[in-house]
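Right, one structure below, let's go through it.
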Amino acid sequence: MQIKQLVDVHFPEADRIQLVMDNLNTHITASLYKAFEPKEARRLASRLDIHYTPKHGSWLNMAEIELSILSRQCLNRRIPDQDTLRSEVAAWESKKNTCQAKPSQAKMDWRFTTEDARVKLKKLYPTISEK
């Protein structure tokens, strides 16, 4: 979805829009100034509160990986209609979930642990003190 559409069409009455984005290099306010005239870019940027997901450990990374796997394994051909698409994706999902117990080529090896996050992102994680 485009930022302008988000601001002007979907949330025209909102004073501020909370926007959660990954750390892709184009997901910065400066990109608005490349896409729009300065006055318009400033207007759009002034309505946004941008919050970035952590660079290491983002759930969005896992979602993007899963969508990439879906694309390669299921959607890499012409699909004639929405009903066929739903059916094909459901079959792919069922097969993937059934095979999850077995080793799979499409398995994620997520190495950024909670302990790593507590060190790297210590200001974002609360410290639990035992008394």
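Derivation of every value follows stated rules applied to the coordinates shown; laboratory data play no part. Just so you know, these numbers come straight off a predicted model, no measurement behind them. Here Cβ is always computed from backbone atoms with ideal geometry, including for glycine, and neighbour counts include all displayed protein chains.
Results, tabulated for the structure shown:
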quantity: 18 Å Cα-Cα reach of LYS96 towards aspartates and glutamates, excluding residues that sit fewer than 8 places from it in its own chain; calculated: GLU64, GLU66, GLU88, ASP109
quantity: Global form of the range 3-52, assessed from the alpha-carbon gyration tensor, a/c cut-off 1.5; calculated: oblate
quantity: Unit charges on C-beta of K, R, D, E only; dipole of the range 3-52, Debye; calculated: 180 debye
quantity: Distance (nanometres) between label positions extended 7 Å along Cα→Cβ at ARG86 and ASP116; calculated: 3.9 nm
quantity: Qualifying aspartates and glutamates (Cα of each under 17 Å from Cα of LYS39; at least 8 residues distant if same chain); calculated: ASP8
quantity: Difference of contour (0.36 nm per residue) and Cα-Cα distance, ASP22 to GLU64; calculated: 14.1 nm
quantity: Segment VAL9-GLU93, length gained on full extension (0.36 nm per residue, minus Cα span); calculated: 26.9 nm
quantity: Long-range HN-HN contacts of TYR52 with modeled amide H, under 5 Å; calculated: MET21
